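The values are calculated or read from the model by the stated rules, or taken from the named source; none is laboratory data. Because the structure is predicted, anything quoted here is derived from the model rather than measured. Here Cβ is always computed from backbone atoms with ideal geometry, including for glycine, and neighbour counts include all displayed protein chains.
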Amino acid sequence: MTSRAAGTRYARALFDVARKEGNIEQAGRDLAAFAQLVAGHDLLARVLSNPAIPASRKRAVVEQLITRACSLAPVVGKLMTLLADRDRLMLLPDIGPSYQDRLMAHGNVVRAEVVTAIGLTGDRMAALQQGLARATGRQVQLESRVDPSIIGGAITRIASTVYDGSVTRQLEKMKEALTASAS
């Protein structure tokens, strides 16, 4: 099993338990904060992911971090100690994004990205976000990126679906059609 798949399983379990116990958003924030704490300290990250260090020592480190964090949701603390016991703390970078994906799905939110040749104004972004929300039936979390190489138009990605309305793609289609009719 890949680390991403294992991380997704732990994220799903955390989400299910957090939903039964109370605040799924707080668990997500605490998970992200703990992962950021570990990632932000190179030595700590190396210690927690080093297979040569016994799981009992990793658990002691994790328990110290949890004690000092004070406001960590109990369910997140239990997950961190479980990961330490099983020597699976190296999955932490995969668990966080998977948990956020599950949280967004639960809230009926989808991520989308729009790529344009020039930056979009706030009004245009809001209108595009509303249009995508109507089309998908979900709330849309829209990110914008500028790529002058597409010449004009837009490329929109919603989850795994891509809508390419760029001038570059339209020119490629015309070239393919002319080439096909010439042969």
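At a glance:
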{"read-out": "Yes/no for V61 being over 30 Å from S166 (Cα atoms) and either modelled with pLDDT under 95 or part of a loop (DSSP other than H, G, I, E, B) (or both)", "value": "yes"}
{"read-out": "Only one of L91, L120 that is of a type outside the set (K, R), closer than 30 Å to A32 by Cβ, part of a helix (DSSP H, G or I) and touching a residue at least 12 places away in the same chain (Cβ under 8 Å)", "value": "L91"}
{"read-out": "Test: residue in segment 100-110 that is more than 27 Å from L79 (Cα to Cα), of a type outside the set (F, W, Y), out of contact with any Ser or Thr (no Cβ under 7 Å at 6 or more places or on another chain) and surrounded by 17 or more Cβ atoms within 10 Å (Cβ to Cβ)", "value": "no"}
{"read-out": "Residue among S49, S56, S71 that is touching a Leu at 6+ places or on another chain (Cβ under 9 Å), polar (S, T, N, Q) and farther than 30 Å from D164 by Cβ", "value": "S49"}
{"read-out": "Residue list for segment 2-22, filter: assigned to a loop (DSSP other than H, G, I, E, B) and over 13 Å from P74 (Cα atoms)", "value": "T2"}
{"read-out": "Per-region count, segment 23-57, residues outside any helix (DSSP H, G or I) and exposed (fewer than 12 other Cβ atoms within 10 Å of the Cβ)", "value": "3"}
